[in-house]
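Below is one structure; the comments refer to it alone.
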Amino acid sequence: MRHFIQFTLSSITLAALLIALINPAPAQNKASASSPQKWTLEEALAQLRLHPQDAYMQYVALQLARREGRLDEIAGSLTQAIGDEPISRTSGRRESVDLFSLFTGALAVQESLQLDAMRSSLPGDEPRPDPLRYLSPAMRKEIENSPERKQEYEQRFGPQIAAWEQRQAQVKKRRGETVPIARLSGPAIKSHSWTELLAGRKPEISPLASYVPEDFYFIEFRSLTKLLDVVETSDLWGAHLFNQVYREARSHNTSERLKRQLALETHPQLEPFYDLAVEDVAVTGSDPFLREGSDVSLLFRVKSADLFRTQMESFLANAERSRSGVKRSEGKYLGVEYIQLTTPDREINVFAAYPAPGLHLRSNSLPAFQRLIEMILGRTAGQSPRSLGASAEFAYIRTLMPRGAKEEDGFIYLSDPFIRRLMSPQLRLTERRRVLCYNHLRMIGHAALLYRTETGKAPASLSALAESQCAPGLFGETVLACPDGGQYSLAADGMTGVCSHHGHARFLTPCIEIPVTQVSGVEADEYRAFIEEYNQYWRTFFDPIALRVQLTPKQYRLETIILPLIDNSIYTRMAEALGGEVEPLDSLPVPRRNIFSVALRLNKEKLLAKPSDSAKSQIGTVDENGGGQKTNPLGPLGLSDTMAERLKLDEFLNKGLGNQLGLHVYDSHPTFDLNLPSLIGMLAGSLNGQASSFGGVEMMIGAAIISLNSPVYVALPVQDAKITDQFLERLDDTLAVEARKREGVSFLSLDEDFYRFQLKQGQTARSFGLRFGPIKLRIFWARIGNGLYVASKQFILDDLCEAESATTARDPGPAAHAMGRIRPQNWNQTLADFQLGWAENNREACLNNLGPLSSIGRAFTDSTLPGKERSDAVIEFADRIQAVHSFCPEGGRYLLSPDGKTIECSVHGSAGKPRQPIAPTEANALGKLMRDFADLTATLTFMPEGLRAVVTIDRK
Ligand SMILES: [Zn+2]
Ligand SMILES: [Zn+2]
């Protein structure tokens, strides 16, 4: 279970990463000097209490503390606030940050890296063990004031401190050593034997796949318009899920920035042109770090070459005119002529060529561009001998998901070599250094902002930042040096940093352009520890990921196949428990208040198999008293074998019941608020590396919370009504006797209760109760039509009778082995409660933006501008130096207060005085999306080739 959820989630996460987010790019603006609005340490700390996650405020507090000689004290309390205590892979003790985490990205670890840099510690350094650490502040003070007691504590910690000194010495030594990257090996995980699996078949492969190296990701779409549709839709859902799950209303503008970088225009008026001129289109690249900066290339197969070329040339010309400093040049690679447009900050950086008739290539990175040209011309100079289209792996997947199927508007593929490359020492260690450099670039931005707040003007140089004590030292030296030897400087605006090796914070140089070849001993050790853990926990992750996407006005559909995992017992057990011929999983009547269902097609033959049939079966047990071999699957639940025989349980399970089990949830007013988005966040959070944190426990707790909250029932389709009724009669007799027994006379005895009653439409139903002191739990059951139902509330059975007698045609649901279905049309009561939850999440996300914006507003002291324009200028400026766009998810406007010290939201107020609408406003895109959404169904089907997972979202 755990693994396939991880799979599905990681596929979706990766796809989302690849497809990324949208928003208009901020414009430039000019700022001029005026009244200083200096921070005091106390003010900064007060601001941090309201906005503990504000990286800039953390910087200000630490830097001001440093000036006052209170760095250790403030850093200590910040460490707790950030919750930054990861455990070292190598020593099992506290380490700085997990620099190899695949899913968090540079921005997420920046706070922790900044804290380390402010404390002058390098990666691999460990703070000295603190003997007084776990004492209460009062105790701590007392001991610190008494030299003898302090000494006593230090002595007790002697061995630990000695061990720490030894480790630090070792790290220092390893730091000086050099390890060639070729000496490190990547994950030791087997690949499938693709050629064998393919068995000589020759499925149709798109020409574009044969132009792409096999270790690049590959996304192909039938039309550019469909591709843009998918990007836009996933942006919308993605952005809103982010607001909800992570309370974050910031957008990286990834797809807009990429389009700008590649000089591509895509407004709706251009759709007819693209549909006319483009046959199909592919997106490809060597790594998924799109937010920070990655190589992205587009391949177009063109129908009408002249029309296409004219239009594409005009986009280049437009880009060239759009700002100053765009450099146009021409070049040639392997005889292919190309045009390059570039700006120093990489905002525009495009290589465009026509390497073959009817083929257009656009890339934002020269090495990637060159590798693609080599592939297209069939001239691979020994480095990567194979294209994706020529690999047996891709061909095999194309036998499972044939090209041109009607379910396929687009196809997203992450190959085994791509995932291997993602985990390779070269990419991981290149990215590790880039993340460290990124932190310094952000810190230069913070230092410049502090400088500007204090002096009213932008700094002239990095040394001005060091001299004014706006920075902990000179950027570029010792702990503040670029880990790859790059030179730091201030960009032309004086407010952001540039690295000669890694570029600008907003457009970092793609990893493919700067691969490391030599690393230090410390880096090598860290990588080895990472890969050891990876081999241990993520063994089964190693499969290619293929996603098939379909987008029609009525439906979104997403499909993936998970290959049978090598040596994976969970997969095998699941395939055994759920299996057999697929059946429609939603054929029983559905009452109007059913909001969520899960249904399973159980492999009954296997599960009820007698021990002689299957030696492996754990469930069946032999009834020794009865002589014959009868199964008693309820044995583990305390049902004796004699009783099982008296009830004829065997006959009931084999002949009475069908093959399915369904769990259904009713809408209702929750007794306490279940925050569904954060539940999802909890589950998704486990993707950040360690697999161990995610397991059945969260799922069980989740299920228990849902069942406490809402009325629920279990539905079992019936095969033979007569056998089922007879079984229920026999069960009644047994329970009636059971209920009259007195089990002990103590105060807290467990009493049982049983009776039969009539439903409104006359059917017989039963109730069974358990009383424990003042608490009584009841369940109710009845056979109604073709279903046996067990419900937590009596009225559910009445609703089911009513639904059973309704004559309207029923949708039997998809045929599969497992299904989850959300029924939004029935969300009458729950929706109001959910909406309040959404509105609250939106407010939190919005308030999280206000702190950083207010601090920037403070540096922005140009009071000559009128209020509104000044506010807009602050937001634009903020977008530029934060490298992300902050917005209010409810469409509120951000306004600077008259004293210029805080930014408030027109909808949500400020962190100190928060307010919010009781439901998401009409303007809220999530609300629109939810009103538009009619059904969400997810199914799983076990096939000999693998597990097929399909998610469909129906729109109204
Ligand atoms: Zn650098
Ligand atoms: Zn707001």
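The values are calculated or read from the model by the stated rules, or taken from the named source; none is laboratory data. Remember, predicted model here, so these are calculated numbers, not experimental data. Please note: Cβ atoms are built from the backbone with ideal geometry, for glycine as well, and neighbour counts cover all protein chains shown.
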Handout entry: Flag if A466 is touching a residue at least 12 places away in the same chain (Cβ under 8 Å) and either buried (at least 16 other Cβ atoms within 10 Å of the Cβ) or within 14 Å of ligand 1 (Cβ to nearest atom) (or both)
Key = no
Completion exercise
Exception for S863 within (1) within 13 Å of ligand 2 (Cβ to nearest atom); (2) modelled with pLDDT under 80 falls at (1)
Fill in the blank from the handout: Of all helices (runs of 4 or more DSSP H) fully inside segment 128-223, the set with 2 or more residues that are polar (S, T, N, Q) and over 30 Å from D416 (Cβ atoms) is 147-156, 158-176
Fill in the blank from the handout: Checked pairs for segment 475-500, first of a type in the set (V, I, T), second in a strand (DSSP E or B), C-beta under 9 Å and 6 or more apart or across chains, list as T496/L490; T496/H504; V498/Y488; V498/S489; V498/L490; V498/H504
Completion exercise
Filter segment 898-947 for residues that are at pLDDT 90 or above and under 23 Å from L602 (Cα atoms); the one that is nearest to ligand 1 (Cβ to nearest atom) is A938
Fill in the blank from the handout: Checked segment 407-447 for anything away from ligand 1 (no atom under 16 Å from the Cβ) and touching a Ser or Thr at 6+ places or on another chain (Cβ under 6 Å); matches are D416
Exercise for the section: Pick out the one residue from A182, A209 that is loosely packed, with under 15 Cβ neighbours inside 10 Å, under 23 Å from R371 (Cα atoms) and at pLDDT 90 or above. Expected result: A182
Problem - segment 491-512, subset over 23 Å from C470 (Cα atoms) and out of contact with any strand residue (DSSP E or B) (no Cβ under 9 Å at 6 or more places or on another chain), residue farthest from ligand 2 (Cβ to nearest atom) - result: H501
Practice task
Tell me, yes or no, whether segment 443-462 has at least one residue that is assigned to a loop (DSSP other than H, G, I, E, B), in contact with an Asp or Glu (Cβ under 8 Å, 6 or more places away or on another chain) and more than 16 Å from ligand 2 (Cβ to nearest atom).
Solution key: yes
Exercise for the section: Could you please let me know if A815 is among the small types (G, A, S), more than 16 Å from ligand 2 (Cβ to nearest atom), over 13 Å from A249 (Cβ atoms) and modelled with pLDDT of 80 or more? Expected result: yes
Practice task
Filter segment 493-552 down to residues that are more than 16 Å from ligand 1 (Cβ to nearest atom) and among the basic types (K, R) and give me whichever is surrounded by the fewest Cβ atoms within 10 Å (Cβ to Cβ).
Solution key: R528
Problem - Members of segment 465-479 that are more than 14 Å from R67 (Cβ to Cβ) and in contact with a helix residue (DSSP H, G or I) (Cβ under 7 Å, 6 or more places away or on another chain) - result: L474, F475, G476, V479
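Quick grid of which residues meet (1) of a type in the set (S, T, Y); (2) closer than 21 Å to L558 by Cα; (3) out of contact with any Phe, Trp or Tyr (no Cβ under 6 Å at 6 or more places or on another chain):
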| residue | (1), (2), (3) |
| --- | --- |
| P355 | no, no, yes |
| R362 | no, no, yes |
| S365 | yes, no, yes |
| E408 | no, yes, yes |
Completion exercise
Of the residues in segment 352-379, those that are free of Cβ contacts under 8 Å to residues at least 40 places away in the same chain and either touching a helix residue (DSSP H, G or I) at 6+ places or on another chain (Cβ under 8 Å) or at positive phi (or both) come to A353, P355, A356, G378
Practice task
Please verify whether segment 394-405 includes one or more residues that are touching a Phe, Trp or Tyr at 6+ places or on another chain (Cβ under 8 Å), within 28 Å of L508 (Cβ to Cβ) and either at pLDDT below 90 or surrounded by 23 or more Cβ atoms within 10 Å (Cβ to Cβ) (or both).
Solution key: no
